[in-house]
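See structure below.
The values are calculated or read from the model by the stated rules, or taken from the named source; none is laboratory data. Quick caveat: nothing in here was measured; it's all calculated off a predicted structure. Here the Cβ is made from the backbone with ideal geometry for all residues, glycine too, and neighbour counts use every protein chain on show. We work out accessible area using only protein heavy atoms, side chains counted, and drop any ligands, DNA or RNA first. Shrake-Rupley method; radii C 1.70, N 1.55, O 1.52, S 1.80 Å.
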2 protein chains.
Amino acid sequence: MVSKENPRPGGRSARVQAAVHHAVREMLTGMDRADVTIPLIAQRANVTPSTIYRRWGDLQELLAAVAASRLQPETEPQRTGSARTDLQAWAEQYADEMSSGAGRQMIRDVLAVSDTANAEKCCSYTQQQLRLIVARAEEQGEAFPTLTELMDFVVSPIMYRILFDQVPSRDYVRGLISRVMPEGAAKS
Amino acid sequence: MVSKENPRPGGRSARVQAAVHHAVREMLTGMDRADVTIPLIAQRANVTPSTIYRRWGDLQELLAAVAASRLQPETEPQRTGSARTDLQAWAEQYADEMSSGAGRQMIRDVLAVSDTANAEKCCSYTQQQLRLIVARAEEQGEAFPTLTELMDFVVSPIMYRILFDQVPSRDYVRGLISRVMPEGAAKS
DNA sequence: TGGCTAAAAGCAAATAATTTGCGTTAGCGA
DNA sequence: TCGCTAACGCAAATTATTTGCTTTTAGCCA
């Protein structure tokens, strides 16, 4: 299956998408967000505005698509010796990236549109990363929370704070992890 | 202090705000969201579009303001006999309301704008409700989680799932509550 | 009470964004 | 190589947004 978001590579459609995404990323870093308009993006990407309108619908949906693709992790979680410390390092980085101005904005962009596909994509990216850490723990016979527990009690509180409240501190993230680790390992 | 969002009651400014909010609420329940435009809202509210543009900026900000005001709870959490069951009833209702199409949309509207004031308002509404339940538990000497624990391990996971994943089921919400209750009372 | 003032609303012209119909092109499969 | 179709370009028509200026209104003080 070749979806609109992942066109056959090399084709014209793919080139247009790449040019538009690239133009958006450039413009988001370097000018006031309110000045980013579809006609401007089109100009930078060397396409006509109507191409963008027909393909993405409106600015929000385009921004959501770009944000989702930027939220995809490029590397797997760093190895630090134990699954526990892997988790801690991963969570701290996750919180940092998502709390930054750019990160918050990308999340908001993803959530702003009514199409839930992009948001679900982000969620599954996170789960993929965590699954890797869980698998490492299993390999080494390390007692570890389940994926669901990690999503509910580490990822969710971090994300809630970023979206609705104050950005989470490093200590806060550590506290969440201590809370969710199996009893025997509850102390850092 | 009389802010733009809470003008002196009875004045012209307040009448305009009420008319516009009312028009928005009406239009959101009864027509396709994509057809809700500022010129149309202005017409229904009997004001000129420029009034809305000057006061709210754009459609997203207006929708965010309306959504935040609709997310304010009207009543305090129902009394069901114990703080534990109060919490359960409250959480189930919260999850239901927020998972509904209208609820999800209101949350998205609130999060879509870069001004975080509305999102923080929603968070504080939730905290106010939970504080009442925590206070009831204290009055009766019932062992109970702290407000922070409730926000982190009940509210956050529910909200994360609504925004990024599948809507939470009733059993899921009950599970969260069991997990967060003090050990002695962990069994329902 | 009766003006005075500043904030907010109305109006309309100018600008900018969005939609749409139609012709063109590039890439894919036969 | 030769269509065929999906996607793009172009431009006109529509619609939304901005803006300068005028008018109204509520609050305030003499």
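Tallying residues that are within 12 Å of DNA strand C (Cβ to nearest atom) and basic (Lys, Arg) within the range B:13-43 yields 1. Are any of the residues in the range B:83-102 over 19 Å from the mean Cα position of the chain (by Cα) and either open to solvent by 40 Å² or more (accessible area, probe 1.4 Å) or charged (D, E, K, R) (or both)? Looking through the range B:83-102, at least one residue is over 19 Å from the mean Cα position of the chain (by Cα) and either open to solvent by 40 Å² or more (accessible area, probe 1.4 Å) or charged (D, E, K, R) (or both). Contact annotation: residue pairs with Cβ atoms under 6 Å, 6 or more positions apart or on different chains, pairing a residue in the range B:47-62 that is away from chain A (no Cβ under 14 Å) with a partner that is near DNA strand C (Cβ under 6 Å from one of its atoms) and part of a helix (DSSP H, G or I), are B:VAL47/B:VAL16.
Since A:GLY10 meets every condition but one in (1) more than 23 Å from A:ARG108 (Cβ to Cβ); (2) within 8 Å of DNA strand C (Cβ to nearest atom); (3) open to solvent by less than 60 Å² (accessible area, probe 1.4 Å); (4) not basic (Lys, Arg), which condition does it not meet? Exception for A:GLY10: condition (3).
If only residues of the range B:23-46 that are within 14 Å of DNA strand D (Cβ to nearest atom) and within 14 Å of chain A (Cβ to nearest Cβ) are counted, the one that is surrounded by the most Cβ atoms within 10 Å (Cβ to Cβ) is B:VAL36.
Checking the stated criteria, A:GLU74 turns out to be outside the structural domain of A:PHE164 (by TED's automatic domain parsing) and free of Cβ contacts under 8 Å to residues at least 24 places away in the same chain.
For the range B:103-138, the tally of residues that are open to solvent by 40 Å² or more (accessible area, probe 1.4 Å), within 12 Å of another protein chain (Cβ to nearest Cβ) and aliphatic (A, V, I, L, M) stands at 1. Give me the pairs: first residue in the range B:103-130 and within 18 Å of B:ASP152 (Cβ to Cβ), second residue modelled with pLDDT under 95 and open to solvent by 40 Å² or more (accessible area, probe 1.4 Å), beta-carbon distance under 8 Å, and six or more apart or on different chains, which are they? Partner pairs satisfying both residue conditions: none exist. The condition of being out of contact with any Leu (no Cβ under 6 Å at 6 or more places or on another chain), more than 9 Å from chain A (Cβ to nearest Cβ) and within 21 Å of A:THR148 (Cβ to Cβ) holds for only one of B:SER156, B:SER100, B:SER178, that being B:SER178.
Yes or no, residue by residue, for (1) in contact (Cβ under 8 Å) with a residue 12 or more places away in the chain; (2) out of contact with any Lys or Arg (no Cβ under 7 Å at 6 or more places or on another chain); (3) aliphatic (A, V, I, L, M); (4) not assigned by TED's automatic domain parsing to the domain that holds A:GLN128:
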site: A:GLN140; (1), (2), (3), (4): yes, yes, no, no
site: A:ILE162; (1), (2), (3), (4): yes, no, yes, no
site: A:ASP171; (1), (2), (3), (4): no, yes, no, no
site: A:ARG174; (1), (2), (3), (4): yes, yes, no, no
